[in-house]
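The values are calculated or read from the model by the stated rules, or taken from the named source; none is laboratory data. The structure presented is a predicted model; accordingly, all values stated were derived computationally and were not measured. Cβ sites come from the backbone with ideal geometry, for glycine too, and all protein chains shown count toward neighbours. For the accessible areas, the whole protein counts, side chains as well, though only heavy atoms, and no ligand, DNA or RNA atoms are used. Shrake-Rupley method; radii C 1.70, N 1.55, O 1.52, S 1.80 Å.
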Amino acid sequence: MARPTSFESLRERLERAPGASWPARLVHHGARVLVLIALALAVQLFFPVAPVPDFPILERGVVADEDIIAEVAFPILKSDDELAREREDVAAGVPPIFVYDESAVDSVQSRVHAFLAHFDSAAAPRTEEGRSRVRVRELLRSYGITPNEGFVDILRSSVDRTMLRFALDRAIETMMPQGIAATAALDEHASQQIRLRRGDSEQLVARDEVLTGRRFYETAASYLPERRRAQLSELQRLILIRFFEPSIRYHETATEAMRDRARAAVTTTKGEVLRGEKIVGAHEQVREAELERLRSYRAALAAMGRLESGPTHAPRAFAALMYNFFVLGIFGLLLYFYRAPVYTSFRKILMLAFLVLLLTSVSAVIGARDWPAELIPIALPALAVAVLWDGRMALIFSLVLSVLLAGQTPFVGMSVLFTCVMAGAAASMSVRVVRSRAQTWMFIAVIALAYAAAAITLGVLRQHAWIEIGTSILWGIGSSVISALVAMGTLPLFEAFTRVTTPQTLLELGDLNRPLLQRLRKEAPGTFAHSISVAGIAEGAARAIDADALLTRVGTYYHDVGKIGKPQYFIENQHQSRNPHDRLKPSTSASIVRNHVLEGLRLAEEHRLPDVIKAFIAEHHGTQHISFFYDQAQKQNPEAELEPAAYAYPGPRPQSKETAILMLADSVESAARVLQDPTPERIRELVDRIVEGKIADGQLEDTPLTFREIRLIKNEFVNVLSGMFHQRIDYPPRPEPAPAATGAGGASG
């Protein structure tokens, strides 16, 4: 067997309780403190502290406490959106550039001549008329022109072809050099002028004066003889449409270069504040104009180097690091004192650290780009923690993260804190109303409502316009959708990494159509029925003491799957009168009974059942003795020294309330089936005797059950079993129906 590497050995040490040894405790707790320090440093890197002491950080809608006076003169910068709008406005006003293409005239004319030359050949005088007409029709079709008899007559006539050739040449040579543009190219631009380039010259031309293909086709008809214009104009139009090329073409590269120059010319400022001038007055409400001044003031200080140096920078940076450390440390202490299983598992600590890093890194991008606070995906870590553990832990986690973000420079103020608290709390508590992944949209609805409530509350408080409030609500809805879908989509990965089994996974495992349970039903039907019966008893007991009822029920379904290997050796599956154990040695029988636990664990591994389900298989008999076969062995050979371990289950003893409930329910249900005259009093005596026996045998010593909880469990057992095994009423027999009767009746109790 391969020896574990030093890394694997360290990982195993970090994944278990350290014990009393101080070196082990130092490694155990030190690793978690290092994770905390690394997180605090990472947040510091994502959100560098503003080293200017007392730099005013105000939100729109609040009232300033005191005058804020400019220490230096600075320009008022336009916002990114405002600057972008102005730049696009000036770019749209730049006329598109069109370039004259002299080759288009020759290209169109040569193609028209080639077209007519084909018909000169097809309509030669010596060609038989029928063949000539067929040939003309085929040529027209080959050029995409639908032939009719009028077109055929025109093209077979040398006089008409001559008039057509003359008119086409005149139109092409006269009009195309003026510049003809494609209609679609002009329609792409709203400008009322175009810039037309011919060689080295350039001129501005009114859009309405530019010839288009449609005007070209209409005007070209004027070059036809008036007496034949009506007959020849349609064919002329079709020929021009077929071979037309614009003689002036849109030059995208040159146009965009000119527009870029126009955009660059837009000034980035819209005013100036002089040194000593008031930026925001005391007791005045901060509006968008004041915020623009504050942002510009900060940018000016940064450009002057006032934000990058100074004797106060290092202490402020250290204080910001301590802020991150203490805020995250609060949650760490919560895990240490109240969530020891989470704190002990290094995998779970790393998962929580990953969620912190994910949220803060995304939030840093949002803050750097001045995007809406509603886009901060606080719901994602809250949902993940709520589903993996519970809503209470998720609520505290989201509150801690909200306070952490509200202390960072881009988010200082009430808006981000309140919005994140509302969304995080909604995400944490919405898990209680959802029972499967298919109900993800319920998460989204609850979180979206929280975002809407936060947006309306802050908007009314800060006197924002309703259009701004509506926009904030839409951003919140979008954030809800993305956060919930990402959280639910990645949850299987989180489960696999942390080895936490969520209620959603338990619901899926509790489906009786799953392959392993179906195999148990077919191969060991008695065991299957026993498991279903015990599950009902155990689930009620778990609910009575606020244990995990869902886990108890699902774990009970699987606790005896190991009997699939040899079902006939267990009494609930024996239908014949002879017991197969009668032909076996007691040691062999004990081994078969004992091994159903080991076989169950093997099947659990094969079907990839989670550890919490495996615990029910391993612990439901604890380390109890298989006393029946042990006693048989002693009777057969009183002088033999028996190995007690060979006549005991491999264990371990129950480690949780849920597996302890299963051990008790399993024994009670089996004993109640063979109880004579199962009155409530006799059932209570049976339950008390079995439970006291388990306690006396030490099987419940490793469980966190209290005496009060044991009493509640026993009461629940008595209530359920009394209902299951109640005595039926013996109805008096009914008289036989008369022979002439056509029907029969009966009653059952």
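Looking at A184, A190, A167, just one residue is of a type in the set (G, A, S) and touching a Phe, Trp or Tyr at 6+ places or on another chain (Cβ under 8 Å), and that residue is A167.
Taken as a whole, the structure leaves L375 outside the set of residues that are open to solvent by less than 50 Å² (accessible area, probe 1.4 Å), hydrophobic (A, V, I, L, M, F, W, C), over 30 Å from Q655 (Cβ atoms) and modelled with pLDDT of 95 or more. Quick one: would you say S132 is among the hydroxyl-bearing types (S, T, Y), surrounded by fewer than 16 Cβ atoms within 10 Å (Cβ to Cβ) and out of contact with any strand residue (DSSP E or B) (no Cβ under 6 Å at 6 or more places or on another chain)? It is false that S132 is among the hydroxyl-bearing types (S, T, Y), surrounded by fewer than 16 Cβ atoms within 10 Å (Cβ to Cβ) and out of contact with any strand residue (DSSP E or B) (no Cβ under 6 Å at 6 or more places or on another chain).
Just one of the listed residues (T457, T471, T440) is among the polar types (S, T, N, Q) and under 12 Å from M422 (Cβ atoms), namely T457. Within segment 396-415, the set of residues being in contact with a helix residue (DSSP H, G or I) (Cβ under 7 Å, 6 or more places away or on another chain), open to solvent by 50 Å² or more (accessible area, probe 1.4 Å) and in a helix (DSSP H, G or I) comprises I396, L399, V403, P410. Scanning segment 159-178 for residues that are open to solvent by 70 Å² or more (accessible area, probe 1.4 Å) and of a type in the set (G, A, S) yields nothing.
Matching residues to (1) modelled with pLDDT under 90; (2) open to solvent by 60 Å² or more (accessible area, probe 1.4 Å); (3) among the charged types (D, E, K, R):
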| site | (1), (2), (3) |
| --- | --- |
| E539 | no, no, yes |
| A544 | no, no, no |
| D548 | no, yes, yes |
| T552 | no, no, no |
| Y558 | no, no, no |
| Q568 | yes, yes, no |
| S577 | yes, yes, no |
| A604 | no, no, no |
| L609 | no, no, no |
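Please work out which residue is most open to solvent (accessible area, probe 1.4 Å), limiting yourself to segment 497-507 and to residues that are polar (S, T, N, Q) and in a helix (DSSP H, G or I). Only one residue fits best here, namely T505.
Count of segment 220-235 residues, restricted to those that are surrounded by fewer than 17 Cβ atoms within 10 Å (Cβ to Cβ) and part of a loop (DSSP other than H, G, I, E, B), is 1.
In segment 269-279 there is at least one residue matching the filter, namely being aliphatic (A, V, I, L, M), modelled with pLDDT under 90 and open to solvent by less than 70 Å² (accessible area, probe 1.4 Å). Comparison of I456, I447 shows that the only residue that is over 25 Å from F326 (Cα atoms), surrounded by fewer than 18 Cβ atoms within 10 Å (Cβ to Cβ) and in contact (Cβ under 8 Å) with a residue 12 or more places away in the chain is I456.
Flag: I467 matches the condition of being surrounded by fewer than 19 Cβ atoms within 10 Å (Cβ to Cβ), of a type in the set (A, V, I, L, M, F, W, C) and under 30 Å from L380 (Cβ atoms). Regarding segment 466-475, can at least one residue be identified that is closer than 18 Å to V431 by Cα and either modelled with pLDDT of 90 or more or touching a Lys or Arg at 6+ places or on another chain (Cβ under 7 Å) (or both)? Checked against the condition, which is being closer than 18 Å to V431 by Cα and either modelled with pLDDT of 90 or more or touching a Lys or Arg at 6+ places or on another chain (Cβ under 7 Å) (or both), segment 466-475 yields no hits at all.
The criterion of being over 60 Å from the mean Cα position of the chain (by Cα) and exposed (fewer than 13 other Cβ atoms within 10 Å of the Cβ) does not hold for G144.
The residues of segment 473-496 that are of a type in the set (S, T, N, Q) and crowded, with 18+ Cβ neighbours inside 10 Å, listed by number, are S479, S480, S483. Looking at the structure I just gave you, is R263 open to solvent by 30 Å² or more (accessible area, probe 1.4 Å) and free of Cβ contacts under 8 Å to residues at least 60 places away in the same chain? So R263 does not fit the description; no. From the list L388, L375, which one is touching a residue at least 12 places away in the same chain (Cβ under 8 Å) and closer than 17 Å to F331 by Cα? Exactly one residue qualifies, and that residue is L388. Scanning segment 236-252 for residues that are over 56 Å from the mean Cα position of the chain (by Cα) and crowded, with 19+ Cβ neighbours inside 10 Å returns Q236, I239, L240. Candidates in segment 214-246 are the residues that are of a type in the set (K, R) and without any contact (Cβ under 8 Å) to a residue 40 or more places away in the chain; of these, the one that is farthest from A182 (Cα to Cα) is R227.
Across segment 179-191, the qualifying residues are those that are free of Cβ contacts under 8 Å to residues at least 40 places away in the same chain and not aliphatic (A, V, I, L, M), and the one among them that is most open to solvent (accessible area, probe 1.4 Å) is D187.
Within segment 670-694, residues that are under 16 Å from N719 (Cβ atoms) reach partners that are aromatic (F, W, Y) and open to solvent by 30 Å² or more (accessible area, probe 1.4 Å) with beta carbons closer than 6 Å, at six or more positions or on different chains, in the pairs A672/F725; P678/F725. For segment 265-281, the criterion of being closer than 22 Å to A182 by Cβ, out of contact with any Ser or Thr (no Cβ under 9 Å at 6 or more places or on another chain) and charged (D, E, K, R) is satisfied by no residue at all.
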